[in-house]
Amino acid sequence: MVDIAQDQPTEEEFKSRARAFLDANAQLRGEDRGFVWGEGPDDAALFEEIDREAERRELEAAKAWRRLKYDNGFGWISGPPELGGAGLPRSYERIFNNLESRYDVPSTGFFGIGLGMIAPTIATHADPEVAAELLPQMYRGDIVACQLFSEPGAGSDLASLQMRAERDGDEWIINGQKVWTSGAHYSDIGEVIARTDP
């Protein structure tokens with residue numbers, strides 16, 4: 001991974017490096033005219049039918065883009081260096097995201113739950129060895145994560161969860177079931193919420 005934080009660049013220096021990376025690896029989008037009444041397809045779908053092969057191709061493109069960003073120091077800009085991040089302030093992450101939004105790059109939706117919710121949980125609550133193993137892989141796009149929350153009869157009402165987890169030596173035995181897990185079919189790992197009290 002390239003160390004973009006080695007000399008703590010100013011915001012302008014960082015923006016220049018980020019723009020150079022994006023210019024070299026992605027196409028700048030044309031002018032977006034936004035929504036125009038009377039233009040576009042006549043059919044509208046409430047629920048989009050998923051073409052699994054197209055989804056697989058989009059996922060592979062998204063993983064490749066995350067790897068490229070990570071390997072060039074833009075994959076976890078505000079993350080701690082000891083866990084694979086660049087160690088820069090969060091404002092630099094916003095700068096990069098604003099610039100990146102102007103380019104035609106693969107969708108980041110595959111990583112939203114994993115990087116937005118699960119990675120922070122791992123960083124805060126996991127054993128240091130687990131965090132050191134999983135977080136670099138997640139931010140590089142090598143691992144995709146999903147949340148295992150919803151249950152039959154409870155939906156996403158976390159107060160009504162029935163799944164149980166019981167400690168058995170160094171392992172947890174999980175009993176129960178989850179449903180409606182968005183992204184489970186392409187995820188490598190999942191964060192499960194279960195009751196541990198007797």
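Do we find that D157 is more than 25 Å from the chain's Cα centre (by Cα) and farther than 26 Å from R57 by Cβ in this structure? If you could, list the steps in order and put the result at the bottom.
On the way: more than 25 Å from the chain's Cα centre (by Cα): no; farther than 26 Å from R57 by Cβ: yes.
Criteria not met by D157.
Sub-8 Å Cβ pairs linking a first residue in the range 95-114 that is closer than 18 Å to A145 by Cα to a second residue that is in a loop (DSSP other than H, G, I, E, B) and modelled with pLDDT under 95, at least 6 apart or interchain, are F110/G183; I113/S182; I113/G183, ordered by first then second residue. Given the condition surrounded by 14 or more Cβ atoms within 10 Å (Cβ to Cβ) and either of a type in the set (D, E, K, R) or assigned to a strand (DSSP E or B) (or both), answer yes or no: does some residue in the range 79-93 qualify? Yes: the range 79-93 contains one or more residues that are surrounded by 14 or more Cβ atoms within 10 Å (Cβ to Cβ) and either of a type in the set (D, E, K, R) or assigned to a strand (DSSP E or B) (or both).
Among the residues of the range 94-116, write down those that are farther than 23 Å from F21 by Cα and loosely packed, with under 14 Cβ neighbours inside 10 Å. Step through it out loud before you land on a result.
Quick first cut of the range 94-116, residues farther than 23 Å from F21 by Cα only: 113-114, 116.
G116, the sole residue that qualifies.
Pairs linking a residue in the range 58-74 that is more than 17 Å from P136 (Cβ to Cβ) and charged (D, E, K, R) to a residue that is surrounded by fewer than 16 Cβ atoms within 10 Å (Cβ to Cβ) and at pLDDT below 95, with Cβ atoms under 9 Å and 6 or more positions apart or on different chains, are E58/S107; E58/G109. Y186 satisfies every condition listed in (1) more than 28 Å from E55 (Cβ to Cβ); (2) modelled with pLDDT of 90 or more except (1). Consider D188 carefully, then state whether it is of a type in the set (D, E, K, R) and in contact (Cβ under 8 Å) with a residue 24 or more places away in the chain. For D188, the condition - of a type in the set (D, E, K, R) and in contact (Cβ under 8 Å) with a residue 24 or more places away in the chain - is met.
Of the residues that sit in the range 124-154 and are of a type in the set (S, T, N, Q) and closer than 21 Å to I77 by Cβ, which one is farthest from the chain's Cα centre (by Cα)? Break it down into steps so the answer makes sense when it comes.
Filtering the range 124-154 for residues of a type in the set (S, T, N, Q) gives 124, 137, 147, 150.
Right, trim to closer than 21 Å to I77 by Cβ and you get 124, 137.
Working: T124: 16, Q137: 11 Å.
Step by step, filter the range 124-154, then rank; the result is T124.
Looking only at the range 123-141, residues that are free of Cβ contacts under 8 Å to residues at least 24 places away in the same chain and of a type in the set (A, V, I, L, M) come to 2 in all. Taking the criterion of being under 17 Å from A154 (Cβ atoms), touching a strand residue (DSSP E or B) at 6+ places or on another chain (Cβ under 6 Å), part of a loop (DSSP other than H, G, I, E, B) and of a type outside the set (S, T, Y), the residues of the range 177-194 that qualify are K178, A194. I173 passes every criterion in (1) assigned to a loop (DSSP other than H, G, I, E, B); (2) touching an Asp or Glu at 6+ places or on another chain (Cβ under 7 Å); (3) over 22 Å from R17 (Cα atoms) apart from (1). The one condition from (1) more than 26 Å from L99 (Cβ to Cβ); (2) modelled with pLDDT of 75 or more that F47 does not meet is (2).
Filtering the range 122-171 to residues that are closer than 14 Å to V192 by Cβ, loosely packed, with under 13 Cβ neighbours inside 10 Å and among the polar types (S, T, N, Q) leaves only S156.
Across the range 145-190, what is the total count of residues that are among the hydrophobic types (A, V, I, L, M, F, W, C) and under 17 Å from L115 (Cα atoms)? Adding up the residues that qualify gives 6.
The values are calculated or read from the model by the stated rules, or taken from the named source; none is laboratory data. All values derive from a computational prediction rather than experimental measurement. All Cβ positions, glycine included, derive from the backbone under ideal geometry; neighbour counts span all protein chains shown.
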